[in-house]
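A quick write-up on the structure given underneath.
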Number of protein chains: 2
Amino acid sequence: MKVNVDYSLYLCTDRTLMTSATIEESVKAALEGGVTLVQLREKNCSGRAFYELGLRVKKITDAYGVPLIINDRADIALAVGAAGVHVGQSDLPCKAARALMGKDKIVGVSVRCLQEALQAEREGADYIGVGAVFATRTKDDAAQVTAEELRGIRKAVRIPVVAIGGVNRQTLPLLKDTGIDGVAVVSAIVSQPDEKRAAEELLRIWKA
Amino acid sequence: MKVNVDYSLYLCTDRTLMTSATIEESVKAALEGGVTLVQLREKNCSGRAFYELGLRVKKITDAYGVPLIINDRADIALAVGAAGVHVGQSDLPCKAARALMGKDKIVGVSVRCLQEALQAEREGADYIGVGAVFATRTKDDAAQVTAEELRGIRKAVRIPVVAIGGVNRQTLPLLKDTGIDGVAVVSAIVSQPDEKRAAEELLRIWKA
């Protein structure tokens, strides 16, 4: 059976931006602060290193009862027993990821427009990450999605919608009337001097 | 049921070294020349590009009745319906790859010494690629395996053994009394002006 997911505050890791010395510390601090979902994202490491890190991070997320999602690599998601995989438009197609993961695992998809959102839903995505909703330095080339487009996507699909890209304490309130299910953040947590407090603050703003 | 594999002449692709304009042309020429197994190796491309290339190359290898092995990514191997996956010591552990691929798919492992060879066999590898058996520019950092070590590995394991690293027309004859099941080559085929003829020549020397 598929795990029940709270998309409110979705942490995406980034070792190049993090304040902590290790991914494990970064994830733990964010979990202490209340993040409800964790995505492990590693773009420049070997499969073995990603797999071993995944096993270590899975122990941490398990201890907090929070699902772990692996970015891009469905094989590593399955091998470490993660709750699911997240694919972008340059990764395995959603349909292929779904076939590999089976019906009980979570498959999330990054989308930039209504057409990609509808396709992801059609191909069996459990949720979509829509963005960039604000200007972001994490992905320089990310095209911006307007609040109006975000509302249109939210109305057009039945699956949960998470906004990503430039979400922080200042911008988060602007998303609250869009009907989305949560926000995904990278630097607004991992780059902060106190990651736990940053997560707490974002969650407080989200729930207010 | 597991596909029957002839390890005699195992092509590993490399787009950075190939003479052909595309991987598809490179693989097709090598198949025309008689390679008995093909490994698609892509180190710097997106998952989507690797997946789509895998689908295209699979059509070509299927047309020649030759099994296709995908390097490193078990998810892509499964998604494109390849015959198996090949993992190095920096990729998913053999045991994890085997669990993902199931018993009917091929799992190959790169090993550099007797200990790694025995471990790969214990963890369910169908074959091992041992190397580098000669000096090679394809992998600058590859430690060299002596002919004596290669013979020792061949005697110690029951699974097929393929030698890799610096195998070409000049060096191939030196491997013929080691009892191995085949040779894997990169530049000795893909970097040659006539890839088909290079494959034919290697196969002729191997079978002589």
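We did not get these values from a lab; they are worked out from the coordinates using the rules stated. All values derive from a computational prediction rather than experimental measurement. All Cβ positions, even for glycine, are placed from backbone atoms using ideal geometry, and neighbour counts span all protein chains on display.
Cα centroids of the stretch A:130-193 and the stretch B:187-207: how far apart, whole angstrom?
53 Å
Which loop-located trypsin sites (Lys or Arg not before Pro) does the stretch A:108-140 contain, where loop means any DSSP state but H, G, I, E or B and the Cβ has at most 13 other Cβ atoms within 10 Å?
A:R137
Output the direction-averaged projected area (hull surface divided by four) of the convex hull of the alpha-carbon atoms of the protein assembly as shown, in nm².
Averaged projected area of the protein assembly as shown's Cα convex hull equals 20.7 nm².
Once you have the Kirkwood Rh of the stretch B:62-145 from its Cα pairs, apply Stokes-Einstein at 37 °C and 0.692 mPa s and quote D in µm²/s.
The estimated diffusion coefficient comes to 247 µm²/s.
Round to a whole angstrom and tell me the spacing of the C-alpha centers of the stretch B:64-99 and the stretch A:56-109.
Between the Cα centres of the stretch B:64-99 and the stretch A:56-109 lies a distance of 19 Å.
Charges only on Cβ, +1 for Lys and Arg, -1 for Asp and Glu: so what's the dipole of the protein assembly as shown about the Cα centre, in debye to the nearest 20?
Value, rounded to 20: 500 debye.
Evaluate the charge dipole of the stretch A:64-208 about its Cα centre and quote only its size in Debye, nearest 20, assuming +1 on the Cβ of each Lys and Arg and -1 on the Cβ of each Asp and Glu.
Here the stretch A:64-208 has a charge dipole of around 300 debye.
Note the distances from A:R15 to each other copy's matching label point, with points 7 Å along the Cα-to-beta-carbon direction, in nm, sorted shortest first.
Ordered by distance, the counterparts are at 2.4 nm.
Rounded to whole Å and sorted largest first, what semi-axes of the equivalent ellipsoid does the C-alpha gyration tensor of chain B yield via the square root of 5 times each eigenvalue?
23, 22, 15
Mind computing the radius of gyration and Dmax over the alpha-carbon atoms of the stretch A:86-208? Å is fine for both.
Computed over the Cα atoms of the stretch A:86-208, radius of gyration and Dmax are 14.5, 41 Å.
Since chains B and A are linked by a rotation, which residue in B has the beta carbon closest to its axis, and how far is it in Å?
Closest to the rotation axis on chain B: B:D75, 2.
Along the Cα-to-Cβ line of A:A135, 7 Å from the Cα, sits a label point; which residues in the stretch A:160-191 have backbone N less than 19 Å from it?
Inside the label zone: A:164-175, A:186-188.
For a label point 7 angstrom out from the Cα of B:R204 toward its Cβ, which stretches of the stretch B:1-25 have the backbone nitrogen within less than 20 Å?
Counting only backbone N, you get B:8-11.
When a/c is below 1.5 the answer is rounded, else prolate if a/b is larger than b/c, else oblate, so apply that to the stretch B:132-189 with a ≥ b ≥ c taken from the square roots of the Cα gyration tensor eigenvalues.
prolate
Using a 10 Å cut-off around each Cβ of peptide B:78-86, what is the average number of partner chain Cβ atoms that fall inside?
2
Give the nm distances, rounded to one decimal, from A:Q144 to the matching residue in every other copy, measuring between label points 7 Å along Cα toward the beta carbon; shortest first.
Ordered by increasing distance: 5.9 nm.
Given R₀ = 51 Å, FRET efficiency for B:A63-B:D177 by Cβ-Cβ distance, to 0.05?
Result of the calculation: an efficiency of 0.90.
When each copy gets a label point 7 Å from Cα toward the beta-carbon at B:D104, what are the spacings between them in nm, shortest first?
Label-point distances to the other copies, shortest first: 2.2 nm.
How big is the charge dipole of the stretch B:47-130 about its Cα centre, in debye rounded to the nearest 20, if each Lys and Arg gets +1 on its Cβ and each Asp and Glu gets -1 on its Cβ?
160 debye
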